[in-house]
Amino acid sequence: MITIGIVTRNVHGWATTQLTRAIIELGYEPFPFNYNSLYTEIHQGGYEVFSNRINLGKKLSALIVRPLGRLSFEQAFFRMDTLHLIENLGIPVINSPKAIEIAINKHRTLALLAKNGIKVPYTVVTENVNEIVKKLDYSRGIVVKPLFGSKGLGSFLLKDRDYAWRVLADLRYLRHVLYLQRFLRHGGRDIRAFVIGDRVVAAMYRELPGSWKTNIARGAKPKPLKVTDEIAEIAVKSAKIVSCDVAGVDIVESEGEKYVIEINSQPGWKGIQKVTKVDIAKKIIEYVVEEKIKR
Ligand SMILES: Nc1ncnc2c1ncn2[C@@H]1O[C@H](COP(=O)(O)OP(=O)(O)O)[C@@H](O)[C@H]1O
Ligand SMILES: [Mg+2]
């Protein structure tokens, strides 16, 4: 029997429900559980990882990881370490903890993408306000983002140097790291490509006229988009660079160029599912069983 685990904050959430349904429809056994049910037992000679008294090393054929959520420093390490420990027991974890650690971090992701030939916007990441405030060109606007943000929350646009001095110095004072990026004019729309393995299974425009943030969570509307070879190539290559099996790749089109701005390693697909006939949950499970579970 193939048993596929799903670790999540809420076993009744939309994506987890979709995955559970797909697992059953394909004839496998689902095992969804919450992060806060995890525990590790360490004893002489090794360790075991449990959820609700079930030994995951014995139970699972593979584990799918849903969003970790907003966490304290300790929780983040505990959850990530537990994923590493599960993987070290020989269970395929999708996405792998290594991939999640890279993709969750916009700084490292963007540097790796740039180094590997993907077009990305000019970006500076620093703790030092003085050096950087002088250097930036405010005429186009500078996007300031939290390093570990999502859903467009916490990012804002700077258009003036005096303002930048004040705001960035305050952020620095509060111990934030500054992630500053050239603003790309995109006319209220960007692209989300949903990657599974070597394929983009679906893509959409996210449209929110008059807004520079086009996250679905900010109110953008999903619009159908044909997966062109160009989009597929950019998105699949980007996902590979950060070692993601499953990824939501955000692409901004500006002045005729396509830029990758981030990679989501635990992407939702409620929005994109509205504009595609592909059963995304089923595609994920088929991929996990065919490509990840050794038989
Ligand atoms: N450099 C940029 N120029 C213009 N728009 C941007 C830029 N970076 C992000 N955006 C807009 O903000 C949204 C959120 O940014 P993103 O980097 O994907 O962070 P999040 O993790 O919050 O989704 C993007 O989908 C896009 O619409
Ligand atoms: Mg995004």
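Work out, step by step, the length gained on full extension between Phe73 and Asn36: first 0.36 nm times the residue separation, then minus their alpha carbon distance; give nm to one decimal.
Residue separation times 0.36 nm, minus the Cα-Cα distance, leaves 11.8 nm.
Within a Cβ distance under 12 Å of Asn34, other residues only, what is the Lys/Arg minus Asp/Glu net charge?
+3
Assuming R0 = 51 Å, what is the FRET efficiency of Arg166 and Asn55, from their Cβ-Cβ distance, to the nearest 0.05?
Calculated transfer efficiency: 0.40.
Based only on Cα atoms, what mean projected area does the convex hull of the chain have, in nm²?
16.8
What FRET efficiency comes out for the pair Lys240/Asp81, r = Cβ-Cβ distance, R0 = 30 Å, nearest 0.05?
My answer for the efficiency is 0.75.
With each pseudo-label sitting 7 Å past Cα toward Cβ, what's the Lys226-Lys151 distance in nm, one decimal?
Once both label points are built, they end up 3.5 nm from each other.
What whole-number value in cubic angstrom gives the convex hull volume per residue for the C-alpha atoms of segment 164-295?
138
Taking a quarter of the surface of the Cα convex hull of segment 3-94, what do you get in nm²?
With every direction weighted equally, the projected area is 6.0 nm².
Where the accessible area of the chain is counted over protein heavy atoms with a 1.4 Å probe, how much of it, in %, is carbon and sulfur?
The nonpolar share, carbon plus sulfur, comes to 51 percent.
With viscosity set to 1.306 mPa s and temperature to 10 °C, compute the Stokes-Einstein D of segment 42-81, Rh being the Kirkwood radius across alpha carbon pairs; µm²/s, no decimals.
The Stokes-Einstein estimate is 131 µm²/s.
Which entries of Lys151/Lys283; Lys159/Lys270; Lys58/Lys145 have Cα-Cα distances beyond 31 Å here?
As for pairs spanning more than 31 Å Cα to Cα, those are Lys159/Lys270; Lys58/Lys145.
In nm, what is the difference between 0.36 nm times the number of residues separating Thr17 and Ser139 and their Cα-Cα distance?
Stretched fully, the Thr17-Ser139 segment lengthens by 39.3 nm.
Distance in nm between label sites at Asn130 and Glu48, each 7 Å beyond Cα in the beta-carbon direction?
Once both label points are built, they end up 5.8 nm from each other.
Stretched out fully, how many nm does the piece from Lys274 to Ile24 gain, at 0.36 nm a residue minus the Cα gap?
87.8 nm
The values are calculated or read from the model by the stated rules, or taken from the named source; none is laboratory data. The structure presented is a predicted model; accordingly, all values stated were derived computationally and were not measured. We place every Cβ from the backbone using ideal geometry, glycine too, and count neighbours over all the protein chains shown. Side chains are part of the model used for accessible areas, which takes the heavy atoms of the whole protein and leaves out ligands, DNA and RNA. Shrake-Rupley method; radii C 1.70, N 1.55, O 1.52, S 1.80 Å.
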